[in-house]
Amino acid sequence: MKTQVGIVGAGPAGLTLGRLLERAGIESVIVERQSRDHVEHRIRAGVLEQGTADLLDELGVGARMRSDGIVHHGINLQFDGERHYVPLTELSGGSIVIYGQTEVVKDLIAARLDSGLPLHFEVEDVSVHEIESERPRLRFRDSELECDAIAGCDGFHGVCRDAIPARVLSAFEREYPFGWLGILAQVAPSMEELVYTHHERGFALLSLRSPELSRYYLQVAHDEDVAEWPDERIWEELQRRTRLDGWTLHEGPILEKGVTGMRSFVAEPMQHGRLFLAGDAAHIVPPTGAKGLNLAIHDVRVLGEALVHWYRTGDAAQLDAYSRECLRRVWRAEHFSWWMTTMLHRLPGGDPFDAKLQLSQLRYVCSSDAAARSLAENYVGLLTV
């Protein structure tokens, strides 16, 4: 079998790249280890940057996002018993859209299937070969797929990153001693826009998925046992950390809950030979800055444009610069996510000096137009790096 671009992974990165290539008349085959049902229902990020939402519109898969998604023009920072509004649109000119990653994936899968293009699920034996040649290969199901290029969009635990020789690849990472206990609750959100809360008992985030579904998070230990958190305890802790005079956090049935650890990770370079890494295969950010999904989409936008240019002109300059171009934005997002995380979470040891520094930083962000604008530009993704 032959194709122009082999794509490993049917998450947002792989599916978006496939759509970009389709619109340019470039063939691709997408293979995914998990089932379609699993891919369409795994709960992930729900905040789309301005550029991500605009790209989905450009690709013709944004209709449901625009009808069902919720546009937000700001976020709230809560600390010392007060809630402060950061007007993202006023400060940066951009906005965000609350629309779950699962819904983005459903839209992209539907579009690819409607186009009748190759998309294979439950392919568990994928391997990558001859990436230093002009015809790299994917092997799976006793078959071989010969490609011009391979896009590794198969996540942190995928096979593509390991196909790059160890002598070439460098990894930079940081593990955090805490994680998030996340819940999806069947109750209307108690706030109009996201609330990031700094509290002596630990961080809390109030988010949402729809006008009827709330998505809330609590800082816990990175290896916390979710069985130790019955629904009553979760609501009690959320009430404690987000309490505000004159405001009520409404409770409801908890539909899902789970604990996610937090890490920062970057692999460099993001390309070797004819293999190009994108999304979680190349980098991980803590979720505090809402950057994971958006970075993945930015990666494949850069890669897609470079591939189109290469096929149309024969000039590989953009492809050769792919890793360098992406890593500038990746490290900006890594810093922003680290900054948000360390500013808002209770740090190990409960050092009162650290807590005072956090509060000082939060006050500065909420009292300085320059500091607030920096947060806004990073959060909505409208920045030049």
Cross-link reach from LYS356 to aspartates and glutamates, straight Cα distance under 20 Å and at least 8 residues apart if same chain, gives ASP80, GLU82, GLU200
Between helix 292-313 and the chain, what is the angle of the helix's C-alpha long axis to the longest principal axis, kept within 0 to 90° and rounded to the nearest 10?
20 degrees
Mind pulling the angle between the C-alpha long axis of helix 231-242 and the longest principal axis of the chain? Nearest 10 degrees, somewhere in 0 to 90.
70 degrees
What's the angle, to the nearest 10 degrees (0 to 90), between helix 352-367's Cα axis and the longest principal axis of the chain?
80 degrees
Could you sort ASP299, ASP351, ASP107 by accessible area so the largest value comes first, with the probe set to 1.4 Å?
ASP351, ASP107, ASP299
In whole Hz, with x marking every Gly and Pro, tabulate ³J(HN,Hα) for region 23-37 from phi via Karplus 6.51 cos²θ - 1.76 cosθ + 1.60, θ = phi - 60°.
5, 9, x, 9, 6, 8, 10, 10, 10, 9, 5, 8, 6, 4, 4
Expressed as a percent, the accessible surface of region 1-59 that is carbon or sulfur, using a 1.4 Å probe and the full set of protein chains, is 43 percent
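Taking Cα pairs under 8 Å and at least six residues apart, what relative contact order does the chain come out at, in percent?
Numbers: 779 pairs, mean separation 80.0, N = 385.
Taking the mean separation of contacting Cα pairs over the length of the chain, I get 21 percent.
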Amide H neighbours of PHE178 under 5 Å, at least 5 residues apart or on other chains, H built in the peptide plane: list them.
HIS222, MET262
What FRET efficiency would be calculated for the residue pair GLU200, ASP231, taking the C-beta separation as r and a Förster radius of 35 Å, to the nearest 0.05?
0.90
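With a cut-off of 8 Å between alpha carbons and a minimum separation of six or more residues, what is the relative contact order of region 253-385 in percent? Could the numbers behind the result be given before it?
Numbers: 113 pairs, mean separation 28.1, N = 133.
Taking the mean separation of contacting Cα pairs over the length of region 253-385, I get 21 percent.
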In deg cm²/dmol, rounded to the nearest 500, the helical mean residue ellipticity at 222 nm of the chain, built from -39500 (n - 2.57) for every DSSP H run of length 4 or more, is -11500 deg cm²/dmol
Taking the Cα centre of each part, how many Å lie between region 224-246 and region 133-188?
34 Å
Heavy-atom accessible area with a 1.4 angstrom probe orders ASP245, ASP354, most exposed first, as ASP245, ASP354
List the aspartates and glutamates whose Cα sits under 13 Å from the Cα of LYS291, skipping any in the same chain fewer than 8 residues away.
GLU49, ASP280, ASP299, GLU334, GLU377
For LEU208, what residues show an amide H to amide H distance below 5 Å, using hydrogens built from the backbone and excluding near sequence neighbours?
ARG215
Long-range amide H partners of LEU194, meaning residues 5 or more apart or on another chain whose placed amide H is closer than 5 Å, are ASN76
Just the accessible area per residue of the chain, please: how many Å² with a 1.4 Å probe?
43 Å²
Nearest-10 value in Å² for the accessible area of MET1, using the 1.4 Å probe:
130 Å²
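The values are calculated or read from the model by the stated rules, or taken from the named source; none is laboratory data. Just so it is clear, the model here is predicted, and its values are computed rather than measured. Every residue, glycine among them, receives a Cβ derived from its backbone with ideal geometry; neighbour counts consider all protein chains shown. For accessibility, only protein heavy atoms count, side chains too; no ligands or nucleic acids. Shrake-Rupley method; radii C 1.70, N 1.55, O 1.52, S 1.80 Å.
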